[in-house]
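Student: After the structure tokens below, expect a handful of questions from me.
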Ligand code: M6R
């Protein structure tokens, strides 16, 4: 899950590459590097760690040249060291790579047998040495690159520059996205339009299996069969403006505080506040005519999908299978003809979910994606897309994108319920009204920041934390645990409250905070009983509830945080906010890198 970029420019390439890499750092921050052609020869600068380190290297040791490639790395093969940092080069060719070359071991053995000496443990170097071998045999760069592409398997995007060819850049896409940008006498390639947006808005996307030869004036595209192909140039809507933190310490904090606006914007997109009707655009399937629905997603987006399953099953009486994409894609799921699926993703680039998308479409399913990035691969390749109006989410931990996904799924559940005649107009109006109250309640929750920070002080001392919830609160318990793990590095688990006594209750002692998501409603009594069982065994129960649930929980809970009361339907959206805020405060107290936690990347483009 690396970011790649390339420039054939008029001005020095390194500053442009660095700026584009800043916009790609969400893909990985283990190391970064740039190579350019200087007097026809390849030169490079690389640094371990975040992009700032590479910027420092370039300040001390500038890199001239107007043609170059750049890379920001999320390590897959080989430790995140400077030696393994891209670009990987020989005297003839330099390459940046996103993805995995799966047959690298076999190719490496073959090349070593021919005398090649490898310098790194990366899979990328096999491609470099393969191209180099073809160049050594006398092939021109294009022929060498194409021949090497025929030998590699896996999912990747690649870009290469060649010694002695100052206005040539070759790039390829197979399973990982790649965009070509058209400037005025300048050309660019990049992992996405976001990276290229400050440089040009005129973008062409490579299709699966494509490769492209770029010079200073334009691009020649070739399809998977190596035949010349036409690819449409479109004007991207992605903004070239830098996204800042404003007055917040971290992007995550800023993004948490954007919840009310994002929820308002997303709901307005699909809900008419005057008529209290859900207004969905034309969907790629008719919800009244399907017998089953598949939901596939990863991480927090999957947890949104789990909530979606509760809602859609309840309101539309439509059976839903929700699965993580990495399992779904390999379990050979039986899919009925004419079936339908919803894919959920902030980035719209997550590799496992992209694979699920292709599998679903090959199986004749109609796929609707719920995505935050309108020009993402998922949005482009699905049969239809509903956008979450969350704006750019920079913090690795998903916050506002998650609640925006919930808002879209809530609207879909209502829309499906109406289409399947399971919901009356009255019910629809009541549920819509509940949703419309969410943004102002979200704002009220953010004002409880100090209380949540106090709770965070307790949680920050723990080694293990349990989050409990029932019904649609169960996925929110999982979200609380996921968020805490990923940014504070405290071990946390989310459980269905009723499942505790089947094993996890053995973990309870006075050192383990039990964080309960327990709004009043039909499941309140059951959850409260499970919490009492935990308290009776010395567990330290800390509960989120509303005014109606407060008194009952105060009898045994160490802390109770009273959240605004809202119709049961919308509680998952609201209760997600304090658990995310809690994780944020714990991470700040622990002094971790909140926006770029260790080992992670914002967009997971390898499987
Ligand atoms: O871009 P996506 O929504 O497809 O990403 C899915 C997950 O990688 C993502 O939600 C991840 O779990 C977050 N870091 C959670 O905060």
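Student: Can you spot a residue in segment 383-392 that is buried (at least 16 other Cβ atoms within 10 Å of the Cβ) and free of Cβ contacts under 8 Å to residues at least 60 places away in the same chain?
Tutor: Within segment 383-392 (the criterion being buried (at least 16 other Cβ atoms within 10 Å of the Cβ) and free of Cβ contacts under 8 Å to residues at least 60 places away in the same chain), the answer is yes, since at least one residue qualifies.
Yes or no, residue by residue, for (1) in contact with a strand residue (DSSP E or B) (Cβ under 8 Å, 6 or more places away or on another chain); (2) at pLDDT below 95; (3) in a helix (DSSP H, G or I):
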{"position": "237", "(1), (2), (3)": "no, yes, no"}
{"position": "241", "(1), (2), (3)": "no, yes, no"}
{"position": "269", "(1), (2), (3)": "yes, no, yes"}
{"position": "321", "(1), (2), (3)": "yes, no, no"}
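Student: Now a separate question. Whether any residue in segment 67-81 is without any contact (Cβ under 8 Å) to a residue 24 or more places away in the chain, more than 25 Å from residue 162 (Cβ to Cβ) and out of contact with any strand residue (DSSP E or B) (no Cβ under 9 Å at 6 or more places or on another chain) is what I want to check.
Tutor: So in segment 67-81, the residues without any contact (Cβ under 8 Å) to a residue 24 or more places away in the chain come out as none.
Within segment 67-81 (the criterion being without any contact (Cβ under 8 Å) to a residue 24 or more places away in the chain, more than 25 Å from residue 162 (Cβ to Cβ) and out of contact with any strand residue (DSSP E or B) (no Cβ under 9 Å at 6 or more places or on another chain)), the answer is no, since none of the residues qualifies.
Student: Answer yes or no as to whether residue 338 is farther than 24 Å from residue 3 by Cβ and at pLDDT below 95. Full working, then the answer.
Tutor: Numbers: farther than 24 Å from residue 3 by Cβ: yes; at pLDDT below 95: yes.
It is true that residue 338 is farther than 24 Å from residue 3 by Cβ and at pLDDT below 95.
Student: For residue 444, indicate whether it is away from the ligand (no atom under 16 Å from the Cβ), at pLDDT 95 or above and buried (at least 19 other Cβ atoms within 10 Å of the Cβ). Walk me through it before giving the result.
Tutor: Numbers: away from the ligand (no atom under 16 Å from the Cβ): yes; at pLDDT 95 or above: yes; buried (at least 19 other Cβ atoms within 10 Å of the Cβ): no.
In short, no.
Student: Cβ-Cβ under 6 Å, sequence separation 6+ or interchain: first residue in segment 102-114 and in a helix (DSSP H, G or I), partner modelled with pLDDT of 95 or more. Which pairs?
Tutor: Every condition considered, the pairs that remain are 104/126; 107/126; 108/126; 111/129.
Student: Shifting gears a bit: Scanning for something within 16 Å of the ligand (Cβ to nearest atom) and either free of Cβ contacts under 8 Å to residues at least 12 places away in the same chain or buried (at least 24 other Cβ atoms within 10 Å of the Cβ) (or both), does segment 409-420 turn up at least one residue?
Tutor: Within segment 409-420, the subset within 16 Å of the ligand (Cβ to nearest atom) is 409.
With either free of Cβ contacts under 8 Å to residues at least 12 places away in the same chain or buried (at least 24 other Cβ atoms within 10 Å of the Cβ) (or both) added as a condition, the list becomes 409.
Looking through segment 409-420, at least one residue is within 16 Å of the ligand (Cβ to nearest atom) and either free of Cβ contacts under 8 Å to residues at least 12 places away in the same chain or buried (at least 24 other Cβ atoms within 10 Å of the Cβ) (or both).
Student: Tell me which helices (runs of 4 or more DSSP H) are completely within segment 417-473 and hold 3 or more residues being over 19 Å from residue 265 (Cβ atoms), or say none if there are none. Working first, answer last.
Tutor: Details: elements: 425-436, 438-446, 449-459.
The helices (runs of 4 or more DSSP H) meeting that bar are 425-436, 449-459.
Student: Still on this structure: Kindly check whether there is at least one residue in segment 475-487 that is away from the ligand (no atom under 16 Å from the Cβ) and in contact with a strand residue (DSSP E or B) (Cβ under 7 Å, 6 or more places away or on another chain).
Tutor: No - not one qualifying residue is present in segment 475-487.
Student: On to the next question. Listed residues 273, 333; which is modelled with pLDDT under 95 and either farther than 19 Å from residue 438 by Cα or buried (at least 22 other Cβ atoms within 10 Å of the Cβ) (or both)? Even if it seems obvious, please write down each step before you answer.
Tutor: Details: 273 fails: either farther than 19 Å from residue 438 by Cα or buried (at least 22 other Cβ atoms within 10 Å of the Cβ) (or both).
Result of the check over 273, 333: 333.
Student: Among (1) assigned to a helix (DSSP H, G or I); (2) exposed (fewer than 15 other Cβ atoms within 10 Å of the Cβ); (3) within 26 Å of the chain's Cα centre (by Cα), which single condition is residue 282 missing?
Tutor: If we test residue 282 against (1) assigned to a helix (DSSP H, G or I); (2) exposed (fewer than 15 other Cβ atoms within 10 Å of the Cβ); (3) within 26 Å of the chain's Cα centre (by Cα), just (1) comes out false.
Student: Identify, by number, the condition in (1) in a helix (DSSP H, G or I); (2) out of contact with any helix residue (DSSP H, G or I) (no Cβ under 6 Å at 6 or more places or on another chain); (3) surrounded by 22 or more Cβ atoms within 10 Å (Cβ to Cβ) that residue 263 doesn't meet.
Tutor: All conditions pass for residue 263, except number (2).
Student: Something else now. Just to be sure, is residue 17 at pLDDT 95 or above and over 29 Å from the mean Cα position of the chain (by Cα)?
Tutor: no
Student: Among the residues in segment 307-318, are any within 13 Å of the ligand (Cβ to nearest atom), assigned by TED's automatic domain parsing to the domain that holds residue 414, without any contact (Cβ under 8 Å) to a residue 40 or more places away in the chain and surrounded by fewer than 21 Cβ atoms within 10 Å (Cβ to Cβ)? First the steps, then the outcome.
Tutor: Step one: list which residues in segment 307-318 are within 13 Å of the ligand (Cβ to nearest atom), which gives none.
No, that holds for no residue.
Student: OK, next. Select from segment 473-507 the residues that are without any contact (Cβ under 8 Å) to a residue 12 or more places away in the chain and more than 13 Å from residue 582 (Cβ to Cβ) and write down the one among them that is surrounded by the most Cβ atoms within 10 Å (Cβ to Cβ).
Tutor: Of segment 473-507, the ones without any contact (Cβ under 8 Å) to a residue 12 or more places away in the chain are 485, 499, 502-503, 506.
Next, only the ones that are more than 13 Å from residue 582 (Cβ to Cβ) stay: 499, 502-503, 506.
On the way: 499: 14, 502: 9, 503: 9, 506: 9.
Ranking the qualifying residues of segment 473-507, first place goes to 499.
Student: A follow-up question, please. For segment 125-188, which strands (runs of 3 or more DSSP E) that fit wholly inside it have 1 or more residues that are at pLDDT 95 or above and either surrounded by fewer than 21 Cβ atoms within 10 Å (Cβ to Cβ) or not assigned by TED's automatic domain parsing to the domain that holds residue 207 (or both)? Quick ask: steps written out before the conclusion?
Tutor: Numbers: elements: 154-162, 165-174, 179-182.
In segment 125-188, 165-174, 179-182 are the strands (runs of 3 or more DSSP E) which contain 1 or more residues that are at pLDDT 95 or above and either surrounded by fewer than 21 Cβ atoms within 10 Å (Cβ to Cβ) or not assigned by TED's automatic domain parsing to the domain that holds residue 207 (or both).
Student: Still on this model: Residues of segment 577-605 being away from the ligand (no atom under 13 Å from the Cβ) and closer than 21 Å to residue 50 by Cα, which ones? Full working, then the answer.
Tutor: Taking segment 577-605 first, the residues away from the ligand (no atom under 13 Å from the Cβ) are 577-578, 581-582, 585-586, 588-593.
Of everything in segment 577-605, those that are away from the ligand (no atom under 13 Å from the Cβ) and closer than 21 Å to residue 50 by Cα turn out to be 588, 590, 591, 592, 593.
Student: Identify, by number, the condition in (1) in contact (Cβ under 8 Å) with a residue 24 or more places away in the chain; (2) under 30 Å from residue 13 (Cα atoms) that residue 301 doesn't meet.
Tutor: That leaves (2) as the condition not met.
The values are calculated or read from the model by the stated rules, or taken from the named source; none is laboratory data. Quick caveat: nothing in here was measured; it's all calculated off a predicted structure. Quick reminder, even Gly has a Cβ in these numbers, built from the backbone with ideal geometry, and neighbours come from all protein chains shown.
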